[in-house]
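S.K.: This is the structure, below, for whatever I ask next.
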Amino acid sequence: MTDEDDERPDAAGKPPAWPPGGHVDWRPWGEAAFADAADAQRPILLSLTTAWSAECRQMDAETYGEPRVAAAVDDGFVPIRADADRNPRVAARYSVGGVPSTLFLTPDGTVLRAAGPLGVDEMRNAIQRVRNTWADEGAAAGTLPRPLEDDRTPAGDLDDAIEGRLLSVLQETFDEQAGGWGTGAKFPLPRAVEFALKRDRTMARRTLDAIDDHLRDEHHGGFYRGAEHRDWSGVRPEKLADVNAALVRAFTAGYRYTGEERYRAAASHGVDFLRETLWSEPVSGADGFAASETPIPDEDDIDGGGAPAGGTTDRRIDRTRLGDWNALAADALLTYAGVTDDERAREHARQTLDTIANTMVDRGQVVHAVDVEGTPLADDERALLVDHARVVRALVTARSVLGPGVEFGERGGGEGSPLELAEDLAGTAIEDLHVDGSFLDGPPTGAGLLDRPYRPLAGNVAMASALLDLAVATGDEEYLAIAEETAAAFADAGERLGPQAAAFGSLAGRLHRGTLRVDVTAPVGSDLHRAALRIADHEAIVLPVAGADPADAAPAAKLAPDAAYVVAEGERIGPARTPEELLECVAEAS
């Protein structure tokens with residue numbers, strides 16, 4: 001295997017199978033490149049790529065590798081390349097349906113022309129059209145990209161209709177023929193699976209079965225990102241850390257609800273891929289999960305897609321550590337460990353959260369992307385909404401599974417218990433990003449249009465859900481109030497909600513009905529604690545309180561030792577002394 005950033009020949013002595021960037025003299029995204037464009041009065045060519053995309057490799061080899069195209073780009077434009085995974089705010093504003101995205105910009109960041117992948121002839125035509133537009137109109141021809149056209153959110157009343165509406169959307173778009181949602185290209189949509197498991201289990205199970213049948217890589221481990229066709233054929237050969245982590249959670253939830261060994265085995269398959277393929281051993285304390293694994297096709301096999309077969313012999317790993325993806329992996333491994341008692345998964349999760357606290361938390365802000373030594377890779381990308389949301393969520397899960405005695409960040413500035421660190425990071429997000437009732441995707445600063453406010457639904461749902469978790473775990477009603485206000489800011493989204501927004505239905509349902517909490521006074525790892533982590537409700541919060549600092553736990557009443565209590569709608573049911581009694585309490589609460 002080779003690292004994405006290593007341009008040397010691999011272990012077999014072969015050079016890289018494709019020319020990264022072609023022959024264009026790319027500049028990194030940043031203020032300097034935009035300032036140079038302004039000084040030279042030149043338009044910008046922005047290329048959005050990822051390390052795992054076969055289409056990006058194809059465009060580099062065929063389009064940017066064509067000498068005349070490269071010369072035309074270098075002569076007439078300031079060429080800027082940004083990695084969409086490392087620069088999510090750039091991708092959120094400029095992406096054209098994914099990667100590669102090809103955009104021609106004015107020096108102030110507005111858009112002259114936008115497209116996806118372009119062949120040689122298409123690129124030459126686009127270059128000529130932009131030259132003509134620039135000569136005739138200059139910067140006045142630029143327009144705002146669609147995500148920035150309107151800063152208002154679709155606010156409305158928060159009620160149970162949102163959850164029902166999302167369930168109806170999933171049922172109406174469910175593919176009865178092949179499983180999953182939609183009739184075109186298929187993606188696993190783990191959040192939709194988790195939502196459906198609690199509300200339409202047949203739909204969820206058929207989708208889990210399809211994912212396990214078609215996206216599992218039996219040879220190299222893990223799950224593919226998706227498939228080109230309705231029947232899940234034509235798999236996309238890349239395997240991403242966030243997709244695999246989210247699928248570990250989804251399959252673990254499937255196992256919790258059904259007890260089917262198939263789902264436990266599928267979750268275990270994902271766990272093995274994360275810790276055996278994407279896990280990187282410590283370098284200066286920066287152990288964690290790499291971003292992706294991608295097959296490297298031979299030169300005669302660069303066709304932009306298809307299953308990893310034929311000439312594919314090597315696999316490339318992008319060793320970038322992404323804050324949100326590592327937090328999601330830690331959360332998934334902890335969830336799996338809580339249900340299965342897998343000690344290795346528990347330890348990898350603990351080490352990952354320790355690394356985040358040590359190398360990715362700086363003065364209350366999460367740094368989005370670092371290399372294997374913990375060095376930040378994108379200066380503008382810190383204190384992002386999605387990073388803080390996923391780290392807070394993972395820390396609450398750590399409190400549930402590992403108990404009150406664990407601490408993270410012994411070598412860094414984020415030292416503390418899971419809930420102390422979670423509250424610190426939540427406080428930063430609230431103070432810096434919560435504006436006019438909802439969250440911005442990051443600080444409104446940076447090159448291009450990064451200073452323009454953007455309020456993504458998915459990021460707001462993730463942060464509101466994390467704050468709701470934190471409110472349940474700490475008893476702090478301020479977090480609950482902000483979660484409710486944030487959800488209400490998108491309550492009138494209506495017909496714009498698709499299966500990808502299923503997590504919004506989960507959030508709305510929890511805010512309407514409340515979240516089940518299980519207070520456990522028995523020791524961490526006891527039969528009662530383990531039984532609490534396995535109840536058939538993946539949205540419940542388990543809170544071990546034995547030995548906890550009173551300030552670090554929500555329950556204020558004196559509880560019996562070696563017991564468990566179920567808390568629902570303000571009522572505490574218990575004590576339960578055995579796992580069987582706990583299940584009876586859960587049934588009563590339900």
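S.K.: Only residues that are basic (K, R) and modelled with pLDDT under 95: list them for region 10-32, please.
M.R.: Within region 10-32, just K14 meets the criteria.
S.K.: Would a scan of region 172-194 turn up a residue that is of a type in the set (K, R), assigned to a helix (DSSP H, G or I) and under 24 Å from the mean Cα position of the chain (by Cα)?
M.R.: yes
S.K.: Looking at A140, is it in a loop (DSSP other than H, G, I, E, B) and among the hydrophobic types (A, V, I, L, M, F, W, C)?
M.R.: No.
S.K.: Condition (residue is open to solvent by 10 Å² or more (accessible area, probe 1.4 Å), of a type in the set (D, E) and at pLDDT 95 or above) applied to region 33-54: is it met by at least one residue?
M.R.: Yes, the conditions are met somewhere in region 33-54.
S.K.: Also, quick follow-up: If W134 satisfies all but one of (1) in contact with a Ser or Thr (Cβ under 9 Å, 6 or more places away or on another chain); (2) farther than 29 Å from A51 by Cα; (3) part of a helix (DSSP H, G or I); (4) open to solvent by 50 Å² or more (accessible area, probe 1.4 Å), what's the number of the condition it fails?
M.R.: For W134, the exception is condition (4).
S.K.: Now for a separate question. Give P147, P154 a once-over and let me know the one that is within 28 Å of A369 (Cβ to Cβ) and either open to solvent by 20 Å² or more (accessible area, probe 1.4 Å) or in a loop (DSSP other than H, G, I, E, B) (or both).
M.R.: Answer to the selection: P147.
S.K.: Oh, and also: Can you name every residue in region 55-91 that is in a helix (DSSP H, G or I), farther than 19 Å from R316 by Cα and open to solvent by less than 30 Å² (accessible area, probe 1.4 Å)?
M.R.: V69, A70, A72, V73, G76, R89, V90, A91
S.K.: If I211 passes every condition in (1) in a loop (DSSP other than H, G, I, E, B); (2) open to solvent by less than 20 Å² (accessible area, probe 1.4 Å) but one, which one does it miss?
M.R.: So the condition that I211 fails would be (1).
S.K.: Of all residues in region 229-252 being in a loop (DSSP other than H, G, I, E, B) and in contact with a Ser or Thr (Cβ under 8 Å, 6 or more places away or on another chain), which is farthest from L333 (Cα to Cα)?
M.R.: Going through the qualifying residues, I end up with R230.
S.K.: Moving on. Give all pairs with beta carbons closer than 8 Å in which a residue from region 574-590 that is β-branched (V, I, T) meets a residue that is open to solvent by less than 50 Å² (accessible area, probe 1.4 Å); count only pairs at least 6 apart in sequence or on separate chains.
M.R.: Short answer, once both residue conditions are applied: T578/L528; V586/L516; V586/V518; V586/I535; V586/D537; V586/V566.
S.K.: Could you please let me know if D354 is charged (D, E, K, R), open to solvent by 10 Å² or more (accessible area, probe 1.4 Å) and part of a loop (DSSP other than H, G, I, E, B)?
M.R.: When the stated conditions are applied, D354 does not pass them.
S.K.: Could you list all residues from region 563-587 that are open to solvent by 90 Å² or more (accessible area, probe 1.4 Å) and either of a type in the set (A, V, I, L, M, F, W, C) or at pLDDT below 95 (or both)?
M.R.: E569, E571, L583
S.K.: Need at least 3 residues that are free of Cβ contacts under 8 Å to residues at least 40 places away in the same chain and open to solvent by 10 Å² or more (accessible area, probe 1.4 Å) per element, so show me which helices (runs of 4 or more DSSP H) inside region 389-496 make the cut, counting only ones lying wholly within it.
M.R.: 477-488
S.K.: Consider only pairs whose beta carbons are under 7 Å apart and that are at least six residues apart or on different chains; among these, list those whose first residue lies in region 55-80 and is closer than 19 Å to A37 by Cα and modelled with pLDDT under 95 and whose second residue is charged (D, E, K, R) and surrounded by fewer than 18 Cβ atoms within 10 Å (Cβ to Cβ).
M.R.: Matching pairs, first to second residue: none at all.
S.K.: Next question. Of Y263, Y255, which residue is at pLDDT 95 or above, assigned to a helix (DSSP H, G or I) and open to solvent by 30 Å² or more (accessible area, probe 1.4 Å)?
M.R.: Y255
S.K.: Same structure again: Is there a residue being modelled with pLDDT of 95 or more and under 30 Å from G442 (Cβ atoms) anywhere in region 294-306?
M.R.: no
S.K.: Are any residues in region 113-131 within 30 Å of the chain's Cα centre (by Cα) and open to solvent by 20 Å² or more (accessible area, probe 1.4 Å), and if so, which ones?
M.R.: R113, A114, A115, P117, L118
The values are calculated or read from the model by the stated rules, or taken from the named source; none is laboratory data. No experiment lies behind these values; they were computed from the predicted model shown. Neighbour counts are summed over all protein chains in view; Cβ atoms, including those assigned to glycine, are modelled from backbone coordinates with ideal geometry. We work out accessible area using only protein heavy atoms, side chains counted, and drop any ligands, DNA or RNA first. Shrake-Rupley method; radii C 1.70, N 1.55, O 1.52, S 1.80 Å.
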